[in-house]
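Data block below; observations after.
The values are calculated or read from the model by the stated rules, or taken from the named source; none is laboratory data. Quick caveat, the model's predicted, so the values are computed rather than measured. All Cβ positions, glycine included, derive from the backbone under ideal geometry; neighbour counts span all protein chains shown.
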Amino acid sequence: MTTFNHLPRILFLYGSLRERFYSRLLAGEAARIIEEFGGRDSSLQPLKPADSRECGG
């Protein structure tokens, strides 16, 4: 079995075109739990909500 000398690293991906979305809330809660267990987390939101002026809204 391989032994690592670093903390577990986990990447959370989330995204939506809505201003408030559950995937971001879930990713934030999961990151908090991972940190409590001693891991390192990173979050990435590949889709940024569009500016309403760009959408004609």
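Take residue 38 and decide whether it is on the phi > 0 side of the Ramachandran plot, modelled with pLDDT of 80 or more and either touching a Lys or Arg at 6+ places or on another chain (Cβ under 9 Å) or not charged (D, E, K, R) (or both). For residue 38, the condition - on the phi > 0 side of the Ramachandran plot, modelled with pLDDT of 80 or more and either touching a Lys or Arg at 6+ places or on another chain (Cβ under 9 Å) or not charged (D, E, K, R) (or both) - is met.
Return the residues of segment 3-15 that are out of contact with any Ser or Thr (no Cβ under 6 Å at 6 or more places or on another chain), assigned to a loop (DSSP other than H, G, I, E, B) and surrounded by 11 or more Cβ atoms within 10 Å (Cβ to Cβ); say none if nothing qualifies. Give the steps one after another, and end with the answer.
Going residue by residue through segment 3-15, those that are out of contact with any Ser or Thr (no Cβ under 6 Å at 6 or more places or on another chain) are 3-10, 13, 15.
Checking the rest, the ones that are also assigned to a loop (DSSP other than H, G, I, E, B) come to 3-8, 15.
Residues satisfying the conditions are 7, 8, 15.
Here is the figure for segment 16-44: residues that are in a loop (DSSP other than H, G, I, E, B) and loosely packed, with under 13 Cβ neighbours inside 10 Å total 6.
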